[in-house]
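Taking it in order: structure first as structure tokens, then the write-up.
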Amino acid sequence: MAGLRLGPLLRYADGSSATVWVEVSRPCAAEVRCADGSGGTARTFQVAGHHYALVPVTGLTAGTETAYEVFLDGTRVWPLPDSRFPPSVIRVPADGDGVRVAFGSCRWAAPPAGQEDPVGPDALDSLAARLATDPDAERPDVLLLLGDQVYADEVSDATRERIRARRGLADPPGAEVADFEEYTWLYYESWLDPEIRWLLSTVPSCMVFDDHDVIDDWNTSAAWLADMRATPWWRERILSGLMSYWVHQHLGNLSPAELAADPLHTALHATPDGTDALRAFACRADAEPASVRWSYRRDFGRTRLLMVDTRAARVLDEGGRAMLDPGQAAWLRTQALDDPGSYDHLLIGTSLPWLLPHLVHDAETWNAALCRGERGARWARFGEKLRRAADLEHWAAFPGSFTALAELIAEAGAGASAPATVLVLSGDVHHAYVAEPRWREGPGPDARVLQLTCSPVHNSIPLSIRMGFRFGWSAVARALGRRFARHGRCPRPPVDWRRTSGPWFGNQLMTLDLRGRSARLRLEQARGKGVLTTVEESDLTP
């Protein structure tokens, strides 16, 4: 009899359909049955001895909520026996309801119950506990996970011991995951947490990777990539990282229509073992990053979300560095400008912040100038070492892309059909803040534009990070940054910006409540099991 190994995860949900992701113990038919009579069935596909399904659910009714169950070959496997959590439900918003969006990044797996948590309470665990115990609590309509859902290069003690028992730690990559099988351990560790498992079964989620989903500073530079490709273990790591990401995260980002048209999904179902097909896809994605688009669009009523891959799609040649390859940059522009006036809020999800503390921005722009040879070969060599040591690889480290995004935001946010807000949602930097840009030339966009950054969901925040980022926002740091920029002969960016709120440090989540043309922001920090304390709440659209 087939058993449920991981999931269910409620991924996509719109006015009439949804998708539910599962991993099971053997080939079977996975079925979702809803209390209102809607549902769906899908056969599993196999990758490296693991069996997965993404079940399209149809027949849902807008403006309703329905509980659901999961069956494998006709046997119910979800809810789990004696579950202490409420039934998992699919909520289908009605037109005009607005949307509540929670987001964050950087979630290192919480330890099992009863063990001390070295990095403090998990914000997602706390959210799950609150929703499970209070049926009247406000719940997100969608959860955006903006990178570092798993840490392939910073494993827990338990995973380290599993690696030691399987292959030892003497040979590279040592106590880091090496292949697809070890990647599955990270997802089990993270998503089998009881609170997280229930939360992800009942709140739809959108995901995108960042560096730690593969390795710290992934695709920092062409020299970095050349060094990694020269190691004996990197090829298996990157292929396994892309394969596991497609299965566990990217697949659920697709709508049912996109799923039906996806050639890889079709190919995996056409063979008893899809490992070779998925591996060939990963090989192509690694060798020709522009051949695969990980970015995607979701529409929630009159809110448009563009989730942007800022890792795999980079152009790394020093003479033409870009955060997005030309195809993806064109896709982003097309989606942002499509059907003007059809959305009230434009959300751009990018794991890496567009607007950083001024010192960090100027240091990254200066470093990029050094590395492309503005001050000669000796400075270029120094710049590459500094770039890797200090993680100087955000939007500011790709100055042309920074400017292009500023120009796109100004265009999308201008005119009679402009949305009320253009909000850039990011994580990565282990603190939270709100920053507002001002365009140096012209009146700027009519929409209110903000950088909203929130991380970590669950990770450490060393004193050096707290001190460094507090200083990075200061007037003294800004003056120091201008000196860096002058040394690198860096042109002024098209926007200036100010920090309007923050910085905040802690395990935390931001939530946007978007109703009509109004937008409200709330930042909550985890202060204990099931305890989320509001530390900031403000209207973004006066």
Gyration tensor (Cα) of the range 16-70, equivalent ellipsoid semi-axes in angstrom: 24, 9, 8
May I ask you to compute the full-extension gain from E258 to A389, defined as 0.36 nm times their residue separation minus their alpha-carbon distance, rounded to one decimal in nm? 43.2 nm
On the accessible surface of the chain, probed at 1.4 Å, how many percent belong to carbon and sulfur atoms? 52
Quick query: amide H of T44 versus all other amide H atoms, modeled in the peptide plane; which residues come in under 5 Å with a sequence gap of 5 or more or a different chain? C28, A30
Residue by residue, what Karplus-based ³J(HN,Hα) values in Hz, rounded to whole numbers, does the range 95-107 have, using 6.51, -1.76 and 1.60 with θ = phi - 60° and x for Gly and Pro? 4, x, 6, x, 8, 10, 10, 9, 8, x, 8, 6, 10
Starting from the Kirkwood Rh over alpha-carbon pairs, what translational D in µm² s⁻¹ does the range 117-162 have by Stokes-Einstein at 20 °C and 1.002 mPa s? 161
Kirkwood Rh over Cα pairs of the range 214-297 into Stokes-Einstein at 4 °C, 1.567 mPa s: D in µm²/s? 92
When only alpha-carbon atoms are used, what values of Rg and Dmax, in angstrom, describe the range 102-243? 16.7, 55
Gap in Å between the Cα centre of the range 1-19 and the Cα centre of the range 490-542? 30
Could you pull out every residue, at least 5 positions away or on a different chain, whose amide H is within less than 5 Å of the one on W497? Hs are placed 1.01 Å off N in the peptide plane, and Pro or chain starts have none. R438
Rg/Rh for the range 84-170 to two decimals, with Rh computed the Kirkwood way over all alpha-carbon pairs. 1.08
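Rounded to the nearest 0.05, what FRET efficiency is calculated for A377 and D216 with R0 set to 25 Å and r the Cβ-Cβ distance?
The formula returns an efficiency of 0.40 here.
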Relative to the chain, whose Cα atoms define the longest principal axis, helix 157-167 and its Cα axis are tilted in degrees, nearest 10, by 80
Using each residue's phi in the range 63-74, evaluate 6.51 cos²θ - 1.76 cosθ + 1.60 at θ = phi - 60° and report the 3J(HN,Hα) Karplus result to the nearest Hz, with x for Gly and Pro. x, 10, 10, 9, 6, 9, 10, 10, 10, 10, 6, x
Quote the FRET efficiency, to the nearest 0.05, computed for A170 versus A280 with a Förster distance R0 of 30 Å and r equal to the Cβ-Cβ distance. 0.45
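Which whole-number value in Å² is the accessible area per residue of the chain, probe 1.4 Å?
Heavy-atom SASA per residue in the chain reads 38 Å².
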Normalised by the number of residues in the chain, what is the relative contact order in percent for Cα pairs under 8 Å and 6+ residues apart? 16
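Expressed in whole Å with the largest first, what are the equivalent ellipsoid semi-axes of the range 1-47 derived from the C-alpha gyration tensor as the square root of 5 times each eigenvalue?
On the way: eigenvalues 85, 28, 17 Å².
Calculated on Cα positions only, the semi-axes equal 21, 12, 9 Å.
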With no solvent and one point on each alpha carbon, what is the Debye value of log10 I(q)/I(0) for the range 295-397 at q = 0.23 Å⁻¹? -1.18
Three principal axis lengths of the chain [C-alpha, angstrom, descending]: 68, 57, 45
Quick one: Cα centre-to-centre distance for the range 254-285 and the range 326-395, in angstrom? 31
From the C-alpha gyration tensor of the range 420-542, square roots of 5λ in Å: 27, 23, 10
I need the GluC sites (Glu not before Pro) found in the range 134-235, filtered to DSSP loop residues with at most 14 other beta carbons within 10 Å of theirs. E138
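The values are calculated or read from the model by the stated rules, or taken from the named source; none is laboratory data. What you are looking at is a predicted structure, and each value in this text was computed from that prediction instead of being measured. Neighbour counts are summed over all protein chains in view; Cβ atoms, including those assigned to glycine, are modelled from backbone coordinates with ideal geometry. Calculation scope for accessible area: heavy atoms of the full protein, side chains included, ligands and nucleic acids excluded. Shrake-Rupley method; radii C 1.70, N 1.55, O 1.52, S 1.80 Å.
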